[in-house]
Structure formats: structure tokens, C-alpha cells
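Each remark here refers to the structure printed beneath this line.
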Amino acid sequence: TNLAKSKLLRGLNILIAQSGEMGALPMLMAAVEPTAQSGDYFGPSNFSEWRGYPKQVQSNKLSHNMDIAARLWWVSEKLTGISFEI
């Protein structure tokens, strides 16, 4: 996605990251997978879930932290200028 500007970062990116197209696949799978349910998490299937085609995986403990979720919601509202009542 051209985020890595230096040669070193581009080299590391080849080793530990994947293309933007591959990175988008888990989101697409979550959107169109007929068996997907609310709360399911999709991510890469290989190399410690850093790379590969998507599959359903377990989210990490931090993704269930309600304090972090509330802070992310608050920051998102501030940055976008849009508030949603829950």
C-alpha cells in the first residue's frame, strides 16, 4: 500500500506483511461468508496469522476489552465529528 518508504521497511514488509489485496480478504470474507455471525473474526490462515488466505480465527484478549472499545468509539466520534447514541 506504499506505506513503507525506506528500503529497509520495504524489505521487512516483504517478510512479515502481505499485499493490500490479501489484507482486504478477511474483511470481504466476513461480509460475504454465509455462516458468519456477529462477533466472528476472520484473519490470515498462515504464519502466526500474519499472512495467508483468510479463515475464521480467534480474536485476541484486547479485542474484548470494553474500556479500550469505549475509548476507540470516543476518539472516532471526536475525529469524525459524528456522534451516535448507543
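The values are calculated or read from the model by the stated rules, or taken from the named source; none is laboratory data. Being a predicted model, the structure only gives us computed values, none of them experimental. As a convention, Cβ positions derive from the backbone with ideal geometry for all residues, glycine included, and neighbour counts pool all protein chains shown. Ligands, DNA and RNA are excluded from the accessible area calculation, which covers all protein heavy atoms including side chains. Shrake-Rupley method; radii C 1.70, N 1.55, O 1.52, S 1.80 Å.
Numerical summary
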| item | result |
| --- | --- |
| Rg/Rg_ref, the chain, where Rg_ref = 2.2 N^0.38 Å and atoms are Cα | 1.35 |
| Table column - 3J(HN,Hα) (Hz), the stretch 62-75, Karplus curve with 6.51, -1.76, 1.60, x for Gly and Pro | 4, 5, 9, 7, 5, 5, 5, 4, 5, 5, 4, 4, 4, 4 |
| Simple Cβ-charge dipole of the chain, Lys/Arg +1 and Asp/Glu -1, about Cα centre, in debye nearest 20 | 520 |
| With all protein chains modelled, accessible area of Lys5 [1.4 Å, Å²] | 150 |
| The chain, accessible surface, carbon-and-sulfur percent (1.4 angstrom probe) | 62 |
| Solvent-accessible area per residue, Å², over the chain with all protein chains present [probe radius 1.4 Å] | 87 |
| Mean Cα-pair separation over length for the chain, i.e. relative contact order, pairs under 8 Å, 6 or more apart, % | 18 |
| Within straight-line cross-link reach of Lys55, aspartates and glutamates at Cα separation under 18 Å, skipping those fewer than 8 residues along the same chain | Glu21, Glu33, Asp40 |
